[in-house]
Amino acid sequence: MELGQRLKEAREEKGLTIEQLAESTKIQKRYLTAIEDHQWDTIPGNFYVRAFVREYADAVGLSGDELITEYANELPSGDDRTYEYMTPSRKNSKAQKASNQIFTLLPKLLVFLLIIGIGFAIWYSIVNYIQPAITDGENEQPSQEIITAPEDDDEDDESDENAGNGDEESSNEDEEESTEEEEVEEVNPSLNVLDVNQDSTPRTTYELVDSDSFVVTLTVNDETYLEVDLTEDGEGSQPFSGMFRNDDDSPFEIDSDGNEVELEMNIGRASGFGIEVSGVELEYEVDPNDNVHQRIIILWENEHEED
């Protein structure tokens, strides 16, 4: 019995239609039909033939690895191309470098402005308080004998008032300096690994933390089969489904406005597929060169959601 006929009989024994199987495996219906009819040329690339056969078999209760070994002669030979792990694109590298430079210069700029502010306060005090007091004292020395006691009290009061103003300005400057230092402190986003399930198709779950936004950028160095399912506050959508190619689709950006977000990706060839989440590059927990077909799930909850 041929491979396609055996898979078809297993599907029919499970009582599944092609449409139901396509929905559960995330493989397009025309590719499933091509597997049953042995039309391998319909499937984009020899690599995807084995990946789709394995997924089909697992879905109908058969062992995908055993079938591929048993029917190796019927399947087309593997893809001769070799893939290298993707490096960040030039555009993303420039953006990251510019962002790092801004954050590096910001503390220096704040310190520079603070020094200017302190210098201005000292100059202002000298011009308006210290120098006039010295000048008044020099002008009044020859006539000290005719100054009455009440006038001395007024000068003392004025001196005390000036000293009080100086203390108040110094206190305000300290408060402004403390506020500026607090504003400089920032927390960078990060990705935490919640779960790693290494079945025939590895599934890894990540959580994005310490981020005010959820922006995912997808890139590929050649092409791969890709399914993207997005759930925002309980509402589901599918931003992308099909062949993801470098020339036409990459980079592809997903910017979510939801407060509770779940993004699931079914990646046909992870070895050439890059994922960046809110400026953080995702590192695969399962080696993409050993397990090219992977599923990635990213969770995020907006901690700054308005009540």
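Read-outs throughout are calculated quantities, based only on the coordinates presented, and are distinct from any laboratory measurement. Bear in mind the structure is a predicted one, so any value in this text is a computation, not a measurement. Here the Cβ is made from the backbone with ideal geometry for all residues, glycine too, and neighbour counts use every protein chain on show.
Using alpha-carbon positions, what is the distance between the centroids of the range 286-305 and the range 259-282, in Å?
Using only Cα atoms, the two centres lie 5 Å from each other.
Which ³J(HN,Hα) values, rounded to whole Hz and listed in residue order, are derived for the range 250-258 from phi using the Karplus coefficients 6.51, -1.76 and 1.60 in 6.51 cos²θ - 1.76 cosθ + 1.60 with θ = phi - 60°, glycine and proline given as x?
So the J values, rounded to whole Hz, are 8, x, 10, 10, 10, 10, 9, 9, x.
In whole Hz, with x marking every Gly and Pro, tabulate ³J(HN,Hα) for the range 226-235 from phi via Karplus 6.51 cos²θ - 1.76 cosθ + 1.60, θ = phi - 60°.
For the range 226-235, the Karplus curve yields 9, 10, 10, 10, 10, 10, 10, 6, x, 9 Hz.
Which GluC sites (Glu not before Pro) from the range 203-302 combine a DSSP loop assignment with at most 12 other Cβ atoms within 10 Å?
Within the range 203-302, the qualifying GluC sites (Glu not before Pro) (loop, at most 12 other Cβ atoms within 10 Å) are Glu283.
Counting other Cβ atoms within 10 Å, keep those with at most 12, restrict to DSSP loop, and tell me which GluC sites (Glu not before Pro) in the range 1-62 are left.
Glu2
Just subtract the alpha-carbon distance of His38 and Glu207 from 0.36 nm times their residue separation and send over the number in nm, one decimal.
56.7 nm
If you take the beta carbon distance between Ala133 and Leu110 as r and set R0 to 35 Å, what does 1/(1 + (r/R0)^6) give as a FRET efficiency, to the nearest 0.05?
Rounded to the nearest 0.05, the efficiency is 0.55.
Assuming 0.36 nm per residue, please report the length gained on full extension of the stretch His304 to Asp290 beyond their Cα-Cα distance.
1.1 nm
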